[in-house]
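The values are calculated or read from the model by the stated rules, or taken from the named source; none is laboratory data. Worth saying up front: this structure is predicted, and the values here are computed from it rather than measured. With ideal geometry, Cβ positions are generated from the backbone for all residues, glycine too; neighbour counts draw on all protein chains shown. Just the protein is used for accessible areas: all its heavy atoms, side chains included, with ligands, DNA and RNA removed. Shrake-Rupley method; radii C 1.70, N 1.55, O 1.52, S 1.80 Å.
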Amino acid sequence: MPAPSPSHLVAPFTAVGPDRAAALLRATHGLAVASIERLATERDDTFRVRTTGGPGVVVAKLAHPLDDPRVLADQVAVLAGLEREHADLPAPRVLPALDGALLVMVETEDGPRGLRVLSHLEGETLGSAPRTLDDLRAIGALHARLARAIAAIGDAADPPLQGALTPWNLLALDAYAALLDAVADTGLRDAAAEVVAMARDAVLPLARALPARLAHNDLHGDNVLVRSGPAGAPLTVTGVLDFGDMTRTPRAADLAVAASYARGRVGEAGPPWQAARAYVAGYESVEPLDEGEHAMLPRLVLLRVAQRAILNSSIAAANPAAAEYASRNLSAIARDLGELGASIPTRIGGTP
């Protein structure tokens, strides 16, 4: 089944205010709200909530009205599975409602919306400061462990968990390629179009032949929390956030998504593909890829950068309320597309 049109990514909805959110949390979870703060997101209502007693600080997420409850249920099932079976992995915990439910459907002006309450994880975002290649290797290794755990949880469920049919799946090319005209910058649009054409003919037929498994599919610098130690000490990963783009996709595609952001994690220094190589090396220290995956990984990385240019531009053009958030990284995307595309390696991991 093809991914849905990206129109649901930009569909307007009526924001739930902090006072209404606090009242919902009291009714559904019995939380005594001391303070509540809206967090910036693309398409839902997310709040940092300080409570009096009880769990302390939590994160409350009210899903977009068009989000499928089945997809939301898959997300909380994975988080519950990680807590139950992989407590060493730093994922949020789901706080049950008063009736024990992990996902509560609540009524809003736009109809029913899914409400989840998650533990608040401390740390700074990975993308908040330049990181070392050793940091990227360590995070790549954690990604492999997390990817293996999510896949196992997804396959063990009855029926197996599917995640979202989303245009953020790299293989859903037709769902996002049609939006190329939304890229306002001519140079960026032409570069993205070239990558899309390459992928359509040379990469995606091979990628679609690979087995797909449930994957996080969005492990970028804002979705990884870290804590810095003394100078020279490795980073500690304190949290992996936002399972909202979780989907079934080949593991090489999930890895490519994360590796595509590596260039921006090390600042301006070093050869363009050096950071991605470090990330992939860390991943392969836990879960090596096969030759077929190696052959397509660099171009999947490049395709993710083009996908971000297209979808972020589309969101910014269609939804003024989300425009600043969605377009904030377009200049870095243009830089990465140019630098990475100028020297595409035959492989970025493993032993030639």
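The numbered conditions (1) open to solvent by 30 Å² or more (accessible area, probe 1.4 Å); (2) over 16 Å from the mean Cα position of the chain (by Cα); (3) farther than 29 Å from D174 by Cα; (4) not hydroxyl-bearing (S, T, Y) are all true for E291 except (3). Somewhere in the range 257-275, is a residue buried (at least 20 other Cβ atoms within 10 Å of the Cβ) and of a type in the set (K, R)? Yes, some residue in the range 257-275 is buried (at least 20 other Cβ atoms within 10 Å of the Cβ) and of a type in the set (K, R). Within the range 25-42, is even one residue on the phi > 0 side of the Ramachandran plot and in contact (Cβ under 8 Å) with a residue 24 or more places away in the chain? So far as the range 25-42 goes, yes, one or more of its residues are on the phi > 0 side of the Ramachandran plot and in contact (Cβ under 8 Å) with a residue 24 or more places away in the chain.
Scan the range 262-312 for residues that are part of a helix (DSSP H, G or I) and aromatic (F, W, Y) and jot them down. Those that are part of a helix (DSSP H, G or I) and aromatic (F, W, Y): Y279, Y283. Of the candidates A97, A101, the single residue that is open to solvent by less than 20 Å² (accessible area, probe 1.4 Å) and outside any helix (DSSP H, G or I) is A97. Is there any pair with a first residue in the range 72-88 that is touching a residue at least 40 places away in the same chain (Cβ under 8 Å) and within 16 Å of Q162 (Cβ to Cβ) and a second that is assigned to a helix (DSSP H, G or I) and open to solvent by less than 40 Å² (accessible area, probe 1.4 Å) whose Cβ atoms are under 6 Å apart and which are 6 or more apart or on different chains, and what are they? Hits for this filter: V78/I150; V78/I153; G81/I153.
Let's see how each residue does on (1) within 30 Å of A141 (Cβ to Cβ); (2) within 17 Å of the chain's Cα centre (by Cα):
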| position | (1), (2) |
| --- | --- |
| A23 | no, no |
| H29 | no, no |
| R43 | no, yes |
| T46 | yes, yes |
| G81 | yes, no |
| H86 | yes, no |
| L102 | yes, no |
| E107 | no, no |
| P112 | no, no |
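Within the range 126-140, identify whether any single residue is modelled with pLDDT of 95 or more and in a loop (DSSP other than H, G, I, E, B), and answer yes or no. No: zero hits. A197 fulfils the conditions (1) free of Cβ contacts under 8 Å to residues at least 24 places away in the same chain; (2) closer than 20 Å to I139 by Cβ; (3) open to solvent by less than 60 Å² (accessible area, probe 1.4 Å) except for a single criterion, (2). Return yes when L142 is under 16 Å from A258 (Cβ atoms) and surrounded by fewer than 22 Cβ atoms within 10 Å (Cβ to Cβ) and no when it is not. Here the answer is yes, as L142 does meet what is asked. If you check A334 against the conditions, is it modelled with pLDDT under 90, open to solvent by less than 50 Å² (accessible area, probe 1.4 Å), over 17 Å from the mean Cα position of the chain (by Cα) and under 19 Å from Y176 (Cα atoms)? So A334 does not fit the description; no.
Give the residue that is farthest from the chain's Cα centre (by Cα), with candidates limited to residues of the range 208-261 that are of a type in the set (V, I, T) and assigned to a strand (DSSP E or B). Per the stated criteria, the residue is T236.
Going by what's in this entry, would L188 be described as surrounded by 18 or more Cβ atoms within 10 Å (Cβ to Cβ) and over 23 Å from G221 (Cβ atoms)?
no
With respect to the stated conditions, A172 fails to be under 16 Å from the mean Cα position of the chain (by Cα), in contact (Cβ under 8 Å) with a residue 24 or more places away in the chain and within 19 Å of A87 (Cα to Cα). Any residue that is outside any loop (DSSP other than H, G, I, E, B), modelled with pLDDT under 95, within 23 Å of L214 (Cα to Cα) and not aromatic (F, W, Y) - is there at least one of those in the range 5-12? Checked the range 5-12: at least one residue is outside any loop (DSSP other than H, G, I, E, B), modelled with pLDDT under 95, within 23 Å of L214 (Cα to Cα) and not aromatic (F, W, Y). Within the range 104-113, being open to solvent by less than 70 Å² (accessible area, probe 1.4 Å) and either over 19 Å from P12 (Cα atoms) or of a type in the set (D, E, K, R) (or both) holds for V104, D110, R113.
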